[in-house]
Amino acid sequence: MNAQLESPTIPNLEAVKARQKATWESGDFGQIARTIENVAEEFMARQPIEPGARVLDVACGTGNLAVIAARRGCVVSGVDIAGNLIAQARARAAAEGLRIHFAEGDAEALPFAGCQFDLVVSMFGVMFAPRPSIATAELLRVTQFGGRVALANWTPEGFIGKMFKVFKAHLPPPPAGVPSPMSWGDKATVRSRLQRGFAVLRRERRIALMRYPFPPAETVEFFRQYYGPTQRAFASLDASAQSALRRDLVDLQTANNIAKTSGTTEVAAEYLEVVAVRN
């Protein structure tokens, strides 16, 4: 995909955003977020931040990255489109005695002043914004000169990319003008999107080990219950189509299960880590 050909104009944009908000507020992403806390720890360990640094977690969900930054003594904010996830993030920070400013908001209209943050991070979050050019402009705007943006984005070829291909085979096409979120996992596309205003330091493929204490079929049910996109996908189909979708998802989990313990599931999901400095 050529990022320069992407249009910031999407028909029925407000309906698209309302649907996205409803999707992420359905289920309970907090349950999913717990399964990737190990990935968040590894990701943040690679970011050179010092106590007192100003950090923003965009599309923060329940605050995996924000909490880690606050534990390291940073001045932290987090923003997410899903109000219920922001509520969970606030409760989580309060339980640990961490001072984090969480706000409900849109990654394409961040509720912060310009040049405010030393580090802006997003793990599997900003990639779902429907207008990449607008989201990128917002990342640039709120990052101070010399500050960094660090993103973790699922790749099209990786496990999550394959899972979304299964959804694509069973569901109606996405709204016109909305690019695939997996395009953020393509090296060339990311470089094109960040070419104005940023110097890209690295684009490295990494592996997120995702572990579940139940077999593949139950892992699918776990996602069906708690992961908004999966829940909404099933809800949009009749009983026969739901069975077909479930079968293909179970097959995918089974084929990619590398767990050595019987009755458990472990998949190696590839993502692209992108780090860029604002010029």
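The values are calculated or read from the model by the stated rules, or taken from the named source; none is laboratory data. This one's a predicted model, so the numbers in the text were calculated from it and none came from an experiment. Here Cβ is always computed from backbone atoms with ideal geometry, including for glycine, and neighbour counts include all displayed protein chains. Each accessible area value is taken on the protein alone, full model and side chains, heavy atoms only, with ligands, DNA and RNA left out. Shrake-Rupley method; radii C 1.70, N 1.55, O 1.52, S 1.80 Å.
Which cross-chain or sequence-distant (5 or more) residues have an amide H under 5 Å from the amide H of Asp106, H modelled 1.01 Å from N in plane?
none
Quick one: which of 170-179, 135-144 comes out on top by average Cβ neighbours within 10 Å, and what's the full order, highest first?
135-144, 170-179
Given 0.36 nm per residue, what is the gain on full extension from Arg196 to Arg71 after removing their alpha carbon distance, in nm?
Gain on stretching Arg196 to Arg71: 41.7 nm.
As a test question: what accessible area, to the nearest 10 Å², does Thr261 have when a 1.4 Å probe is rolled over all protein chains in place?
90
Just to check I understand the Karplus step: with θ = phi - 60° and J = 6.51 cos²θ - 1.76 cosθ + 1.60, what whole-Hz values come out for segment 265-279, glycine and proline as x?
Result, rounded to whole Hz: 10, 9, 10, 9, 9, 7, 9, 9, 8, 10, 10, 9, 10, 6, 6.
Please give the length that would be gained between Glu25 and Ala268 if that part of the chain were fully extended, namely 0.36 nm times their separation in residues minus their C-alpha to C-alpha distance (nm, one decimal).
84.8 nm
Return the long-range amide H neighbours of Gly147 (sequence gap of 5 or more, or a different chain), with a cut-off of under 5 Å between placed amide H atoms.
Sorted by chain and number, the residues that satisfy this are Arg278.
Please list, or write none, the aspartates and glutamates whose alpha carbon is within less than 17 Å of the alpha carbon of Lys165, excluding same-chain residues fewer than 8 places away.
By straight Cα distance, Lys165 reaches Glu157, Asp186, Asp248, Asp251, Glu270.
Return the carbon/sulfur percentage of the accessible area of the chain, one whole number, probe 1.4 Å, all protein chains in place.
Exposed carbon and sulfur together represent 53 percent of the surface.
Excluding residues fewer than 8 places away in the same chain, name every one of the aspartates and glutamates whose C-alpha is closer than 16 Å to that of Lys17.
Leaving aside aspartates and glutamates fewer than 8 places away in the same chain, those within reach of Lys17 are Glu25, Asp80, Glu104, Asp106, Glu108.
For a test of the definition: using alpha carbon positions, the gyration tensor, and the 1.5 limit on a/c, classify segment 93-200 as rounded, prolate or oblate.
prolate
In Å², and per residue, what accessible area does segment 189-270 have when probed at 1.4 Å with the other protein chains present?
Value returned for segment 189-270: 51 Å² of accessible area per residue.
When the helices in the chain are scored as -39500 (n - 2.57) per DSSP H run of 4 or longer and the sum is shared across all residues, what 222 nm value do you end up with, to the nearest 500 deg cm²/dmol?
Helix-only estimate at 222 nm: -12500 deg cm²/dmol.
What lysines sit close enough to Lys162 to cross-link, taking a C-alpha to C-alpha distance under 19 Å and skipping anything fewer than 8 places away on the same chain?
Partners within reach: Lys187.
So if each residue of separation counts as 0.36 nm, and I subtract the Cα-Cα distance between Ile258 and Gln225, what length gain in nm does that give?
9.6 nm
Please work out whether segment 42-160 counts as rounded, prolate or oblate from its C-alpha gyration tensor, where a ≥ b ≥ c are the square roots of the eigenvalues and a/c under 1.5 means rounded, while otherwise a/b larger than b/c means prolate and anything else oblate?
rounded
Could you go through segment 217-231 in sequence order and give the Karplus-derived ³J(HN,Hα) for each residue, using 6.51 cos²θ - 1.76 cosθ + 1.60 with θ = phi - 60°, rounded to whole Hz, and x for Gly and Pro?
4, 6, 5, 4, 5, 4, 5, 4, 7, 10, 8, x, x, 5, 4
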